[in-house]
Amino acid sequence: MKMKLIVILLLNFSIANAQKYLGKTSFKVKGETYNINRIDNGSINSHSRFMSIGNSRNVLKKEKVQMSSKIRNNILNDIITTESEQKKIKDIITAKFPSLINKFKNEKFIVVYYIGPAGDIRELEFLLQDDTQFTPDELYTLEATLKKEYKFKIQNNGMEGLSFVPLYWQIRFN
């Protein structure tokens, strides 16, 4: 009987935890406001059951990136996104947030990085499923940590003349 009660309580907690963003358009963490936008099925970046979560102070998402065809054709080669770079991000997360590894294994976790010309992360936005297990505090801390501790490698002056480039990059732990 005790075991059934424990299972029921855990199930209720899991369901309630998965609905923490349901119906919300924003949340606050440590004085920072994060906006939540549902990604509808009719949009260009259509991901059913996904939402984007980003700091309300982010402005780069609204800016149009103007780049020459030469840069546009090579930018994904000039920003280094090899497995070794993915491993660096995973190592940062593993060292700082060992308790989050299972959440990363169980969910799609896509980050939109707004990268400056020197490879610095100027802003970022999370694309998460509606039933994500990541808490607002975890997202706040992940944002601060990635901005502080990771820098993209840029080769061939790939961002010459650009103020930033958006890059969608999934963090995978499986």
Handout entry: In region 110-138, residue nearest to LEU60 (Cα to Cα) [restricted to those that are without any contact (Cβ under 8 Å) to a residue 60 or more places away in the chain and among the charged types (D, E, K, R)]
Key = ASP120
Fill in the blank from the handout: Only unsatisfied item for PHE173, checking (1) under 12 Å from ILE110 (Cβ atoms); (2) aromatic (Phe, Trp, Tyr); (3) assigned to a loop (DSSP other than H, G, I, E, B), is (1)
Practice task
Filter region 128-165 down to residues that are of a type in the set (A, V, I, L, M) and at pLDDT below 90 and give me whichever is surrounded by the most Cβ atoms within 10 Å (Cβ to Cβ).
Solution key: MET159
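Which of the residues spanning region 138-170 are among the hydrophobic types (A, V, I, L, M, F, W, C) and either more than 24 Å from LYS103 (Cβ to Cβ) or not in a helix (DSSP H, G or I) (or both)?
Step one: filter region 138-170 for residues among the hydrophobic types (A, V, I, L, M, F, W, C), giving 139, 142, 144, 146, 152, 154, 159, 162, 164-165, 167, 169.
Hits for region 138-170 are PHE152, ILE154, MET159, LEU162, PHE164, VAL165, LEU167, TRP169.
Sort out which residues of region 58-86 are assigned to a loop (DSSP other than H, G, I, E, B) and within 30 Å of ASN35 (Cα to Cα), and write them in order of number. Step through it out loud before you land on a result.
Keep residues of region 58-86 that are assigned to a loop (DSSP other than H, G, I, E, B), which gives 58-59, 63-68, 80-82.
The answer is ASN58, VAL59, GLU63, LYS64, VAL65, GLN66, MET67, ILE80, THR81.
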Exercise for the section: For residues that are of a type in the set (S, T, N, Q) and not in a strand (DSSP E or B), tally how many sit in region 107-131. Expected result: 0
Fill in the blank from the handout: Per the list (1) of a type in the set (A, V, I, L, M); (2) in a helix (DSSP H, G or I); (3) more than 22 Å from PHE50 (Cα to Cα), residue check on ILE101 breaks on (3)
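The values are calculated or read from the model by the stated rules, or taken from the named source; none is laboratory data. All of these numbers come straight from a predicted model, not from anything done at the bench. We place every Cβ from the backbone using ideal geometry, glycine too, and count neighbours over all the protein chains shown.
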